[in-house]
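What follows draws every value from the coordinates through simple rules; no lab data is involved. Fair warning: this is a prediction, and the values are worked out from it, not measured in the lab. Because the Cβ atoms are built from the backbone with ideal geometry, glycine has one as well, and the counts that use them run over all protein chains shown.
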Amino acid sequence: MSTTFQLDTATSRANPTPAPVKRLTIPAIRRRKKNGTTDQPIVMLTAYTARQAQLLDEHCDLLLVGDSLGQVIYGLPSSVPVTLDMMIAHGAAVVRGSWHAAVLVDLPFGTYEASPAQAFQTSARILKETGCAGVKLEGGEAMAETVRFLTQRGIPVMGHVGLTPQAVNQLGGYGARGRDAAEAEKIIADARALDEAGAFSIVVEGVVEPIAIAMTEAVSCPVIGIGGSARCDGQVLVTEDMVGMFERVPRFVKRYADVASVISQAAADYAAEVKDRSFPGIEQTYQPK
Ligand code: KIV
């Protein structure tokens with residue numbers, strides 16, 4: 001679909017022309033899973049910028065402004081240093097660049113764990129300042145009370161269990177979770193607690209496949225897998241991984257393109273033309289009339 005974008009100065013949203021479709025709602029996504037099955041799997045990708053959102057939007061049900069932007073955009077060593085201001089700036093850009101997918105923003109480490117009230121203040125600021133539809137937070141049973149508090153106060157919450165990257169210092173790395181029976185049971189219990197607390201969906205990351213399947217069957221809300229199973233109710237990937245921006249990717253990533261090579265080749269061609277003075281050419285220079 002070829003689309004142009006006009007900025008609506010009243011809302012600062014980039015409105016596409018031709019007319020937009022109605023934006024997906026969180027209740028509509030939640031309803032995809034009925035009686036334990038999801039006929040139409042949920043498509044989710046990360047997005048951090050307005051242009052990226054424009055390109056991904058028509059293909060996705062959910063766009064996640066993930067705190068993985070710490071590593072992907074800012075070159076940080078983990079998501080731990082990511083700030084609320086970073087999440088809000090990128091969240092607002094993604095909302096402006098999209099019109100179809102529901103947009104979620106991650107609560108960054110240190111802005112929600114202390115209490116349900118702290119989580120509410122952070123989430124309310126994110127919803128007000130970005131226009132997004134809901135938030136995602138990491139943690140299971142320990143976060144259930146917070147999820148209940150937020151959902152009862154009008155904030156849709158997606159949970160995130162299994163490998164939870166904000167807990168990298170406690171987990172000791174990014175390896176797959178649930179390899180022993182106790183950890184497997186804990187991941188399912190975490191998912192159940194979030195489901196009962198009102199999470200509209202749960203991400204399960206980096207777990208051995210039988211756990212992802214068991215978890216999907218154990219909860220009533222849709223489960224979105226990343227390093228989970230094709231039998232989850234939907235899938236998410238970090239877009240930069242999926243399009244091949246990095247040499248090293250986790251096992252669970254499938255590369256659908258090699259964008260790094262395209263950019264690198266374009267830069268090499270440009271550099272060569274600058275050096276041999278063939279750029280700018282007649283087409284790129286202003287001539288007197
Ligand atoms: O931050 C992120 O990108 C995420 C996804 C990997 C689910 O949480």
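Under a 5 Å amide H to amide H cut-off, with H placed in plane at 1.01 Å, what residues pair with LYS136 once short-range neighbours are removed?
When sequence neighbours closer than 5 places are left aside, the close amide H contacts are VAL105, ASP106, LEU107, MET158.
Put one equal scatterer on each alpha carbon of region 204-250, apply the Debye formula with no solvent term, and list log10 I(q)/I(0) at q = 0.17, 0.29 1/Å to two decimals.
Normalising to I(0) and taking log10 leaves -0.50, -0.98.
May I ask you to sort ARG31, ARG251 by Cβ crowding, counting other Cβ atoms within 10 Å and putting the fewest first?
With the sparsest Cβ surroundings first, the list reads ARG251, ARG31.
Once each part is reduced to its C-alpha centroid, what is the distance from region 184-228 to region 257-289 in angstrom?
48 Å
So what is Rg over Rh here for the chain, counting just Cα atoms and using Kirkwood for Rh?
With Rh from the inverse mean 1/r over Cα pairs, Rg/Rh is 1.02.
Per residue of the chain, what 222 nm ellipticity follows from adding -39500 (n - 2.57) for every DSSP H run with n ≥ 4, rounded to the nearest 500?
Per the formula, -10500 deg cm²/dmol.
Relative to the longest principal axis of the C-alpha atoms of the chain, give the angle of the C-alpha long axis of helix 259-275, reported between 0 and 90° and rounded to the nearest 10°.
20 degrees
On a 0 to 90° scale, report how tilted helix 116-130 is relative to the longest principal axis of the chain, with both axes built from alpha carbons and the result rounded to the nearest 10.
The angle comes out at about 30 degrees.
Got a sec to turn the phi values of region 228-241 into Karplus ³J(HN,Hα) couplings, 6.51 cos²θ - 1.76 cosθ + 1.60 with θ = phi - 60°, whole Hz, x for Gly and Pro?
Running phi through 6.51 cos²θ - 1.76 cosθ + 1.60 with θ = phi - 60° gives x, 7, 5, 8, 5, 7, x, 9, 9, 9, 6, 4, 4, 5 Hz.
Could you sort 185-198, 221-234 so that the peptide with the highest average Cβ count within 10 Å comes first and the rest follow in order?
For the peptides 185-198, 221-234, the packing ranking is 221-234, 185-198.
Only Cα pairs under 8 Å and at least 6 apart count here; give the relative contact order of the chain as a rounded whole percent.
15 percent
Short version: what are the Cα gyration tensor semi-axes of region 85-133, square root of 5 times each eigenvalue, largest first, in whole Å?
Semi-axes from the Cα gyration tensor: 21, 10, 8 Å.
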